[in-house]
Amino acid sequence: MKNEQQKSTAPRAALNRLALCLALASTGGLLMSLPAQAATTAKQSPTPVAPKRYTIEQFMATTNIGGASFSADEKRILFHSNKTGIFNLYSIPVTGGEPVALTSSTKDSHYAVGYFPKDDRVLFTRDQGGNELNHLYVRELDGSEKDLTPGEKLKALFMGWSGDKNSFHVATNERDARFFDVYRYDARSYARELIYKNETGMNVAQVSDDGRWIAIGKTNTTADKDVYLYDTQAKTTKHVTPHQGVADNSPVGFDPASKRLLITSNEGAEFTRLMSYDLASGKMSELEKADWDVVYTDFSDDGRYRVTGINADASIALKLRETGKDGVEREVALPKLPGGEIRGVRFSGSSGKMAFYVNGDRSPSNLFVYDFASKQVKQLTQSMSKEVNPDDLVDAKIVRFKSFDGMSIPSVYYQPKEASPTNKVPALVWVHGGPGGQTMRGYSALMQYFANHGYAVLGINNRGSSGYGKTFFTADDGKHGREPLWDCVEAKTYLASTGVIDPERIGIIGGSYGGYMTLAALAFRPEAFKVGIDIFGVSNWLRTLESIPPYWESFRQALYQEVGDPVKDKDFLIATSPLFHAKEIRKPLMVIQGANDPRVIKPESDEIVEAVKKNGVPVEYVVFDDEGHGFSKKKNNIEASGRMLQFLDKHLKTANTAPAK
C-alpha cells in the first residue's frame, strides 16, 4: 500500500515494490512544471473553443502496451498489448513491421516477462480473473505452454536470470501462504531447487548473478525499512542497514559482477539516494543522489550501461551512464524523442541496443528501439487510436495550493480547452490509490475522456503521497479520514481560484484508497462535493484489514501502524470507516467493483451501496464478474468509463448550482 512507486521501469527492483500496495495505477508523463498561478493562465485563449468530442470507444481504441525484452538474436522485441481487448503477447522486429501474436487468450490477460536469453522460448505471467494469484508460464518453441508454478492458491514472482543464463529464480508462497520462498530453476529441464526458505516473513527482492547472495527487505513501518543479505553458501543472514530514527532502506539490485548491492535510502535526509554496499568489505558508500527520490537503477547484462530513474515532481526523469574502459561512469545523452517521458528501459544482451517506451500527456506509450552504435532511434508502435486527434487533448500542468494548515499540496491538473471565465466548467478532484501512491504526469484515457467532455480534473497528491519527501509522506499516518481528506476539500478553493471552474459543480473520484477517500468525503464532509465515484474503494477498514491476502503478512504490522490495528484501534477504525457513517451520505454516489478483488473484497461495496440507498439518494452500482482490483479487459473499462460520464452528466454537469440552504 504505502510504498507504492509509480510504474517503476526497473525489472530487478520491481519485486520489492509490487506486491503490497492497495492502489490502482495512476498516471505518468514528462513536461516542465509551472507555478500554480501561471499554470492556470498559461496559453489561455481569450475565446476558448470546445474540441471535437470523442466517445469512450474511440478513446479505448488506443492500445495499451508494456513489457519489453530482446530475443536472443536481438532481432525482435517481446511485449504485451491489449489490442484485442485483453492483454496478449506479441513479438515485433527491431527494424519495424507488424507485431506477431504469440498468445490468443480471450479470458485472462497475459503479461510478458521476457524471452529466454539463449532461444525463443518466452516467460509470461497471468492470474485467474483478476485474483492476483499469478503463475509463471513458459511458451515453448512449438507454441505450447507450461505452468512452471502449478498449484492452487499460490502466487509466483519472477526474480531474474543467473549471470550465465543457465538458470532463473522464482519466488512462490506455495509452502506457506504468508511467505515467499526462493527457487532456482534449470533453464532446460525446469528442475528446481529451494535456495531460500523464508521463515522470517521478510520480503525477498533479488538474487545476485552468481547465485550466492539474496537481497531481502524488512518493513518496520510504511516509512521505515531495512535491508538484509542472505549468503546461500554460509546460510547466514546479515543486517546491512542498521540505523537510528526513521529511514526507508530498500534493496534495488546487485551489479552484474555480483560485487555490490545497490540500495535506496533516505537515512538522515528527506529524499532517497542510491547507496552502494560492497559485498566483500561491507562498506557502504553513496553512488548517486538528486533533489528528488532516486527510485531505481538497473544495469545492462555486462554492466556497461546503467539507467537511473528519479521521481522529479510527478515525472520520472532518466539518467543513462556508461562505464568506460577506465572503470569510470560517464553520463550518456539520451536520444532525442517526441515530447514525453521515457519508461521501461531494457538493454539487449550485447548492450548494443536499448528498448524503451515514450509516454506523454497527450500520447500513450509507444515502443522504441535505440542502436548505440549508429545512434539511430526507431519507433515500433503507434498506440493512439487513429480516430483521436492529439490536438483535441490537453496537456497536464503541475500546480500547488496551500491547504488548511499552510502545507503545500502538489497536484496534476487537466483543464478542458473550452474552460474560461465566461464558460465555467465542472471539476473532479481525483484521489490516487495507496495510501502513499502518487498521481503522475502522462497519458490517462479516462482523465482525457473527462477533459474532452468538459470536466476539469485535479489529480491531487494529498499529504501522505510518495515523491515529495519523508516528512510529507508520513504526514497522514494515523490521520486517514481527516487531514488528507481536508486537503481534498481545500482543493475546491484552489479550483475556484482559477476563475474557470464552477465552485458549485465539483465532485470527487478515486480508485482503491482513492475510493475510500471518495466515500470518506461524502460521509465526513457531506457539504463539500456534489457527487462521488468510488472505484474499488474501502468502506470498512476493520474488514479490509482483517481480510488482506495472506501473502501481505510481511507488511501487515506496518499497515496497522499506518491505518490502524483492527483490535487495538477498533474504535478509531469505526470512526474513520464510511460504512458506519453512511447515513450522512446525501449526494449521488457511483460505486464500481470487481467481483474477484482480493484487496478490497466485494462486500465492501455491497454494504456501502445498500446503506446509502436507504438515504433516498441516487446510487449506481456496477460490478464486473471477471475483474479484480482494476481493469484487465478493455470491454469492462469501456463500460465503466462510459457509465461514469453518464453519471456525471446527469448529477454534476446539470446540478442545481444554487447555494445550499
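For this structure, a couple of remarks:
- Looking across Thr221, Thr236, Thr232, Thr264, one residue alone is open to solvent by less than 10 Å² (accessible area, probe 1.4 Å), out of contact with any Phe, Trp or Tyr (no Cβ under 6 Å at 6 or more places or on another chain) and polar (S, T, N, Q). It is Thr264.
- Meets criteria (in contact (Cβ under 8 Å) with a residue 40 or more places away in the chain, over 20 Å from Pro99 (Cβ atoms), of a type outside the set (S, T, N, Q) and surrounded by fewer than 21 Cβ atoms within 10 Å (Cβ to Cβ)) for Gly360: no
- Residue count for region 441-471, restricted to those that are open to solvent by less than 20 Å² (accessible area, probe 1.4 Å) and either farther than 29 Å from Lys650 by Cα or among the charged types (D, E, K, R) (or both): 7
- The single condition among (1) closer than 20 Å to Gln128 by Cα; (2) more than 27 Å from the chain's Cα centre (by Cα) that Lys587 does not satisfy is (1).
- Residues that are part of a loop (DSSP other than H, G, I, E, B) and closer than 24 Å to Asn220 by Cα, drawn from region 250-271: Asn266, Glu267, Gly268, Ala269, Glu270, Phe271
- Within region 555-566, residues that are under 18 Å from Ala475 (Cα atoms) and in contact (Cβ under 8 Å) with a residue 40 or more places away in the chain reach partners that are β-branched (Val, Ile, Thr) and surrounded by fewer than 19 Cβ atoms within 10 Å (Cβ to Cβ) with beta carbons closer than 9 Å, at six or more positions or on different chains, in the pairs Ala558/Thr221; Gln561/Thr221; Glu562/Thr221.
- Pair list, Cβ < 7 Å and 6+ apart or interchain, from region 582-596 residues that are closer than 13 Å to Ala521 by Cβ to residues that are modelled with pLDDT of 95 or more and of a type in the set (Lys, Arg): Lys587/Lys530
Conditions tested, residue by residue: (1) within 19 Å of Lys75 (Cβ to Cβ); (2) free of Cβ contacts under 8 Å to residues at least 24 places away in the same chain; (3) part of a strand (DSSP E or B).
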| site | (1), (2), (3) |
| --- | --- |
| Leu337 | no, no, no |
| Arg343 | no, no, yes |
| Gly349 | yes, no, no |
| Ser365 | no, no, yes |
| Tyr370 | yes, no, yes |
| Val377 | yes, no, yes |
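- Taking the criterion of being within 30 Å of Leu446 (Cα to Cα) and open to solvent by 10 Å² or more (accessible area, probe 1.4 Å), the residues of region 336-356 that qualify are Lys336, Leu337, Pro338, Gly339, Gly340, Ile342, Arg343, Gly344, Arg346.
- Evaluated against (1) small (Gly, Ala, Ser); (2) assigned to a loop (DSSP other than H, G, I, E, B); (3) surrounded by fewer than 20 Cβ atoms within 10 Å (Cβ to Cβ); (4) under 29 Å from the mean Cα position of the chain (by Cα), Ala280 falls short on exactly one condition, (4).
- Applying the criterion of at least 1 residues that are in contact with a His (Cβ under 7 Å, 6 or more places away or on another chain) to the helices (runs of 4 or more DSSP H) found wholly in region 534-594 leaves 553-563, 570-576.
- Scanning region 639-661 for residues that are modelled with pLDDT under 95 and either outside any loop (DSSP other than H, G, I, E, B) or among the polar types (S, T, N, Q) (or both) returns Lys653, Thr654, Asn656, Thr657.
- Applying the set (1) part of a strand (DSSP E or B); (2) in contact (Cβ under 8 Å) with a residue 40 or more places away in the chain to Asp181 leaves exactly one unmet item: (2).
- When Ala247, Ala257 are checked against the criterion of being in contact with a Gly (Cβ under 9 Å, 6 or more places away or on another chain) and closer than 14 Å to Ser208 by Cβ, a single residue qualifies: Ala257.
- The lone exception for Lys319 - which of (1) surrounded by fewer than 16 Cβ atoms within 10 Å (Cβ to Cβ); (2) in a strand (DSSP E or B); (3) not β-branched (Val, Ile, Thr) it fails: (1)
- Residue that is surrounded by the most Cβ atoms within 10 Å (Cβ to Cβ), among those in region 283-298 that are free of Cβ contacts under 8 Å to residues at least 40 places away in the same chain and in a strand (DSSP E or B): Val294
- Here Ser109 passes the criteria (1) outside any strand (DSSP E or B); (2) in contact with a Phe, Trp or Tyr (Cβ under 6 Å, 6 or more places away or on another chain); (3) closer than 17 Å to Gly349 by Cβ; (4) not basic (Lys, Arg) except the one numbered (3).
- Test: residue in region 485-494 that is open to solvent by 10 Å² or more (accessible area, probe 1.4 Å) and within 22 Å of Glu562 (Cβ to Cβ): yes
- Any hit, region 592-600, residues being open to solvent by less than 20 Å² (accessible area, probe 1.4 Å), over 25 Å from Phe59 (Cβ atoms) and not β-branched (Val, Ile, Thr): no
- Of the residues making up region 53-75, those that are closer than 20 Å to Leu123 by Cβ, in contact (Cβ under 8 Å) with a residue 24 or more places away in the chain and surrounded by fewer than 19 Cβ atoms within 10 Å (Cβ to Cβ) are Gly66, Ala72, Glu74.
- Screening region 130-149 for residues that are in contact with a strand residue (DSSP E or B) (Cβ under 7 Å, 6 or more places away or on another chain) and assigned to a loop (DSSP other than H, G, I, E, B) and picking the one that is surrounded by the fewest Cβ atoms within 10 Å (Cβ to Cβ) gives Glu140.
- Residue within region 190-203 that is in contact with a His (Cβ under 6 Å, 6 or more places away or on another chain) and either surrounded by 20 or more Cβ atoms within 10 Å (Cβ to Cβ) or closer than 24 Å to Ser91 by Cβ (or both) present: no
- 3 or more residues in contact (Cβ under 8 Å) with a residue 60 or more places away in the chain: qualifying strands (runs of 3 or more DSSP E) within region 391-491: 397-402, 408-414, 425-431
- Only one entry of Val307, Val369 meets the criterion of being within 24 Å of Val100 (Cα to Cα) and either open to solvent by less than 50 Å² (accessible area, probe 1.4 Å) or not basic (Lys, Arg) (or both), and that entry is Val369.
- For Val388, the test of being in a strand (DSSP E or B), open to solvent by less than 60 Å² (accessible area, probe 1.4 Å) and among the aliphatic types (A, V, I, L, M) is failed.
- Consider region 612-658 and keep the residues that are small (Gly, Ala, Ser) and open to solvent by less than 40 Å² (accessible area, probe 1.4 Å). The one that is nearest to Thr55 (Cα to Cα) is Gly642.
The values are calculated or read from the model by the stated rules, or taken from the named source; none is laboratory data. Being a predicted model, the structure only gives us computed values, none of them experimental. Heads up, the Cβs are rebuilt from the backbone with ideal geometry, glycines too, and the neighbour counts pull from every protein chain shown. Ligands, DNA and RNA are excluded from the accessible area calculation, which covers all protein heavy atoms including side chains. Shrake-Rupley method; radii C 1.70, N 1.55, O 1.52, S 1.80 Å.
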